[in-house]
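In what follows, a single structure is set out as structure tokens and then discussed.
What follows draws every value from the coordinates through simple rules; no lab data is involved. All values derive from a computational prediction rather than experimental measurement. Counting neighbours? That spans all protein chains shown, and the Cβs are built from the backbone with ideal geometry, glycine included.
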Amino acid sequence: MNMKDKVVVITGGNSGIGYATAKELKSLGAKVTITGRRKAALEEAAADLGVDAIVADQSKLEDIEQLVAAVKEQHGNVDFLFINAGIAQTSLIAAATEQHFDDIMDINFKGAYFTLSRFIPLLQAGSSVIFLSSNTASMNHPASSVYSASKAALNVIMRVAALELAPLGIRVNAVSPGPTQTEVLNKAGLDASALAQLQEQIVARVPLAKMGTADDVAKMVAYLFGEHASFITGSEFIMDGGMVL
């Protein structure tokens, strides 16, 4: 694939899947801008990748609108938008707090929704939007009610947006990873033995008996942005080694 000079915006691009996708699209010739809430981490990632960075908190509409204005001033239009930023927290329904609900929904749902909404004027015919969803949107696990609901809501928005934007020649899809090996696991506060045990438990639930990687997802995103996917819109691509089955 050749994405030379295509303008790409990736929210939450300073780590994990966002970082891997920025690296992949940069290697294909795209002009990449990543966003994130943590200025130091974002700038370090941007320097490593050789891409642009704009500090923006996806949970805040003001930040989203400032991000759009900055991208418009720098590039005019956007070819590819990867709405990737999100958080994962767990709580049993009986123990849930308003703060837990708002923290997840403000970033994963409201923030993603308005990121799409405000970027639409910058999208042109032939451009593409991808939401990072999750296989949990199609599964039911204790303590995951709010997180799963936020991702299921994204899938609904994705399908409606695909219909609304099709007349403009804009495609909208979602990628839903399952267990993915990123630094999030290493930040869980577990020692090496406990971490290995956790990974074994996760892998035991995956038919392909392995975890995915951020690079796996990055390559899928790149494919869906590319010309070979020009007839694909309104679709969710689950990448979980068969776990949802």
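Cross-link check: pairs K39/K151; K23/K151; K110/K210; K26/K110; K39/K210 evaluated at a Cα-Cα cut-off of 30 Å; pairs beyond the cut-off: K110/K210; K39/K210. Modelled spin-label separation between Q201 and K72, with each label point placed 7 Å from Cα along the Cα-to-Cβ direction: 4.8 nm. Would you mind counting up the charge near S133? Only other residues with Cβ under 10 Å from its Cβ, with Lys and Arg at +1 and Asp and Glu at -1. Taking every other residue near S133 into account, the sum is 0.
Classify the stretch 92-143 as rounded, prolate or oblate, taking a ≥ b ≥ c as the square roots of the eigenvalues of its Cα gyration tensor: rounded when a/c is under 1.5, otherwise prolate if a/b is larger than b/c and oblate if not. Write down the numbers at each step before the final one.
Numbers: a/c = 6.52, a/b = 1.98, b/c = 3.29.
Because a/c hits 1.5 or more and a/b fails to exceed b/c, the stretch 92-143 counts as oblate.
Rounded to the nearest 0.05, what FRET efficiency is calculated for N2 and D215 with R0 set to 25 Å and r the Cβ-Cβ distance? Intermediate values should be presented prior to the final figure.
On the way: r = 19 Å, r/R0 = 0.78.
The computed FRET efficiency comes out at 0.80.
With unit charges on the beta carbon (Lys/Arg positive, Asp/Glu negative), name the residue among N2, F82, I34 whose Cα is farthest towards the positive pole of the charge dipole of the chain. My answer, from the dipole projection, is N2. Between F231 and D191, the FRET efficiency from the beta-carbon distance, with R0 = 41 Å, is close to 0.25. Can you tell me the orientation of helix 214-225 relative to the chain, as the angle in degrees between its alpha-carbon axis and the longest Cα principal axis, to the nearest 10? Value to nearest ten degrees: 40. The residue among I54, I202, A143 whose Cα reaches farthest toward the positive pole of the charge dipole of the chain, with charges on the beta-carbon of Lys, Arg, Asp and Glu, is I202. Between A96 and R118, the FRET efficiency estimated from the beta carbon spacing at R0 = 30 angstrom works out to 0.55. About the centre of its Cα atoms, the chain shows a dipole size close to 380 debye [charges on the beta carbon of Lys, Arg (+1) and Asp, Glu (-1) only; nearest 20 debye]. What angle do you read, to the nearest 10 degrees and between 0 and 90, between the alpha-carbon axis of helix 192-203 and the longest principal axis of the chain? Approximately 80 degrees, to the nearest ten.
From the alpha carbon gyration tensor of the stretch 1-120, can you work out the equivalent ellipsoid semi-axes (sqrt of 5 times each eigenvalue) and give them in Å, largest to smallest?
Equivalent ellipsoid semi-axes, largest first: 27, 16, 12 Å.
Relative to the dominant Cα principal axis of the chain, helix 16-27 is inclined by about 30°. D by Stokes-Einstein for the chain, Kirkwood Rh over Cα pairs, 37 °C, 0.692 mPa s: 180 µm²/s.
Sites counted here are trypsin sites (Lys or Arg not before Pro) in a DSSP loop (not H, G, I, E or B) having no more than 15 other Cβ atoms within 10 Å; the longest part of the chain that contains none of them is 39-186.
Calculated on the alpha-carbon coordinates, the convex hull of the stretch 94-199 measures out at 128 cubic angstrom per residue.
Computed over the Cα atoms of the stretch 5-48, what is the convex hull's projected area averaged over all directions, in nm²?
Details: hull surface 10.5 nm².
Convex hull of Cα atoms, orientation-averaged projection: 2.6 nm².
Across the stretch 130-148, the residues whose backbone nitrogen lies under 18 Å from the label position 7 Å along the beta-carbon direction of L245 are 135-136, 138-140.
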